Amino acid sequence: MTPQSPGIHTRRLTWLALAALAAGLAWAPAHGQDGAKALNLLGSFLRQAAPAEAPAQPQQPAAPGGMLGNLLGAGLAPSGGNRAASAGNLIGLLSQSLEQIDEPKEIEIGRQLAAVLLGSKPLHPDMALQRYVNQLGRWISLQSARPQLPWTFAVLDDPGFNAFAAPGGYVFVTKGLVDQVAGEAELAGILAHEINHVTGKHHLQAMAKSARAGLLTQVIGSQVRGELAGAVSAQFLSLGRDLYSRGLDQSDEFEADRNGVALAARAGFDPYGLVAVLQQLRTAAPDNPLFALSLSTHPPAQQRLDLLEQAMGNRMDNLAGQPAVTVTQRMEGLEAARTASRADAPAASVPAGRRVPVKK
């Protein structure tokens, strides 16, 4: 293979430098005000998940997705009339053309879908893993066609091999997927694939198609019976659950594969990382419960590999062959840098604009 492209090598070093800096500062700066807000919310969740020592207090059992508010912000799962109004407005939006759904509305739809995902699977408690995946995903998303979205990445506590995305910049991978990938390039390829589902508005298109197929008729019928509040929220939840259990159109998956390979390469990773993942899926037994959902919601892995081979040819061979780095190795390096940064920090700092009194 020919030597690696200098541009890709530079971006690779930039990701490592930014990740190390983010480890020392707890969180990398987001791209724009919305991105900063999303990262601050996720950082708040991570800090609250490991509180300082305090007297033990009796706690009520956590509700499904109980960490949702800390992760994605207040108001994600409103109750009563607010929930019905929110879901009803979103369903109404989905019945319209996509051109009428602006970016803030798209993000709100994604927040509601993220609530559906987190309502069924909790977040994994490993804070170092959450930090790493969010930093990696954020770096790749900044190379995408929509870097201004409030990108948020997290790991679900589930042994299956799955990844999910929601409109507006929300991406989740399972702990089982992280455990199964052989290296960072493979994880980067998966994240790039999911990022392209978001930038291509694939989930939004699928939900709009379902909504226009008769969902509103059912909601209007429920209003006559005086059951609008429960029916609207239930219909939105049903719409989201159906989307993730059924999967996207095959053409959307093929597009996310092609663009995902290019995006991973732009971010400085081996473009054949996603290819390696598909090769693993090709050998997975259909009845293996760890791979069952992923296999049932995506086109056959061999078909995806064939189409990727046609699209890539040998044009990306000069970007391959980088030294393999495992997820564990990268996490250990980032956490070591984070610890060293904390050790080197001054014991106390003076807030900007404040003066230290001087004794005379």
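Any read-out appearing in this document is the output of simple, stated calculations on the displayed coordinates, not a laboratory observation. Predicted model, so just to flag it, every value in this text is computed and none were measured. A quick note on method: Cβ atoms are made from the backbone with ideal geometry, for glycine too, and the neighbour counts reach across all protein chains shown.
May I ask you to derive the relative contact order of the stretch 99-167, considering only C-alpha pairs under 8 Å and at least 6 residues apart, and to give it as an integer percent?
45 percent
Just to be sure I understand the model, the point goes 7 Å from the Cα along the line to the Cβ. What's the resulting Asp249 to Asp179 distance in nm?
3.7 nm
Which net charge results when you count Lys and Arg as +1 and Asp and Glu as -1 among the other residues whose beta-carbon is under 12 Å from that of Leu156?
That works out to -1.
What ³J(HN,Hα) values, in whole Hz, does the Karplus curve 6.51 cos²θ - 1.76 cosθ + 1.60 give for the stretch 100-112 when θ = phi - 60°, with x put for Gly and Pro?
Going residue by residue, I get 8, 9, 7, 4, x, 5, 4, 5, 5, 4, x, 5, 5 Hz, with x marking Gly and Pro.
Per residue of the stretch 241-258, in order, report the coupling 6.51 cos²θ - 1.76 cosθ + 1.60 (Karplus, θ = phi - 60°) as ³J(HN,Hα) in whole Hz, putting x for Gly and Pro.
5, 5, 4, 7, 7, 8, x, 8, 5, 4, 4, 5, 5, 5, 5, 5, 5, 4
Just how far, in whole angstrom, is the stretch 171-213 from the stretch 101-124 if you go by their alpha carbon centroids?
13 Å
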